[in-house]
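The values are calculated or read from the model by the stated rules, or taken from the named source; none is laboratory data. Quantities reported herein were computed from a predicted structural model and do not represent experimental measurements. Positions of Cβ are generated from backbone atoms using ideal geometry, with glycine treated the same way; all protein chains shown enter the neighbour counts. Accessible surface areas use protein heavy atoms only, side chains included; no ligands, DNA or RNA. Shrake-Rupley method; radii C 1.70, N 1.55, O 1.52, S 1.80 Å.
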Amino acid sequence: MRLAVRGRPPRYCSRACRARAYRMRVADRSATDTRAGGRAWGRTDLQAEGRTDLQAGGRAEGQAVPGAGTRADPGADARRVPESTETGLSEGPLDQPLIVRTAIELADRDGVAAVSMRRVATELGVGVMSLYRYVASREELNDLMVDTVFGERPLPEPGPDGWRAKLELSAREEWALYRDHPWVSHLVAVTTRPPIAPSLMAYTDWRMRALDGHRLDFATMVQIAIMIGTYLQSAAMPLAHEAQAARATRHTRQQWADARQDVLHRTLRTAHLPMVSEFGTEAFQASEPENIFEFGLQRMLDGVATLLDTARAAGDAPAGSPVGPEHRQIRH
């Protein structure tokens with residue numbers, strides 16, 4: 001007697017076939033968990049009613065099942081499973097906003113490294129393949145997460161008077177976002193390929209409009225807007241690392257520093273570091289991310305003010321003057 005072959009023959013193992021089989025297994029498990037009387041694992045209500053044209057393992061479409069008089073069409077039955085049953089959700093249907101919100105909550109709790117399609121599916125109690133109907137990839141999920149958190153903190157229109165007040169407000173709003181969601185800096189910083197997130201792009205657009213009308217060329221306004229965002233993202237990286245370290249060690253930065261005082265003193269005694277050796281409580285406070293942000297923001301805006309003064313002087317100077325318009329491109 002020839003041994004029965006388990007599983008699907010290779011010719012039926014297409015991606016669509018595997019997806020249909022997975023959805024049926026999820027539906028089977030959901031039905032089994034809620035069914036009283038302890039029916040055999042993996043059997044559906046259709047089988048219990050005598051309809052044996054489907055197996056829990058999800059045979060390929062059109063493959064005959066031993067003992068059955070019909071040919072199976074698992075795709076048709078899987079499509080007839082209600083959304084809430086197929087995904088295993090107990091309340092409401094699965095959709096893109098729910099997936100993104102779950103990913104954000106997971107990143108807030110465990111860091112962005114913990115976010116994966118499989119982990120999000122586990123948090124929702126659904127099969128991972130269910131997510132791909134709403135989010136095409138992990139990269140798209142990252143983009144949607146960034147777009148969502150920036151969209152929750154829109155910049156006001158028209159905002160305060162004056163370019164400096166506007167740029168400062170936009171910087172403080174973005175910094176507050178990084179304090180609330182430290183993981184965001186990992187997704188937007190140190191890259192020349194930022195997320196495709198309209199709400200993030202709106203910050204750049206808002207800053208450029210704050211500078212418009214001050215005799216700067218378009219490329220210079222782009223550079224200033226991006227410079228501010230890049231500075232904020234870089235300054236926020238320690239927030240993300242501190243949050244990660246705090247989760248791992250359960251110690252604050254101050255507790256960590258206090259525990260290493262002996263090591264620090266021994267290092268300073270053996271190394272020739274005359275300035276660092278003066279490092280005390282005041283310097284430690286000055287090095288906190290919040291204070292670095294404040295100091296760097298004001299110095300950056302001072303630089304923008306100098307640039308605007310130069311552009312204004314160049315626009316007001318007579319033709320042929322050393323500060324005339326023909327020198328602006330070189331200066332920028």
Karplus-derived 3J(HN,Hα), 6.51/-1.76/1.60, for each residue of the stretch 156-173, Hz, glycine and proline x: x, 10, x, x, x, 6, x, 5, 5, 5, 5, 5, 5, 4, 4, 5, 5, 5
So how far apart, in nm, are the two label points at THR310 and GLU278 if each is 7 Å from Cα heading toward Cβ? 3.2
On a 1.4 Å probe surface of the protein chains, which of TRP206, TRP163 comes out largest in accessible area, and what is the full order? TRP163, TRP206
Tell me the accessible surface of TYR132 in square angstrom (1.4 angstrom probe, heavy atoms of protein chains only), to the nearest ten. 100
With a 1.4 Å probe and all protein chains kept in place, how do GLU123, GLU294 rank by accessible area, largest first? GLU123, GLU294
What net charge do the residues around PHE150 carry, taking every other residue with its C-beta under 10 Å from that of PHE150, with Lys and Arg at +1 and Asp and Glu at -1? -3
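Below 8 Å, C-alpha to C-alpha, sequence gap of six or more: please give me the relative contact order for the stretch 147-247 in percent.
On the way: 78 pairs, mean separation 38.6, N = 101.
With pairs under 8 Å counted, the relative contact order is 38 percent.
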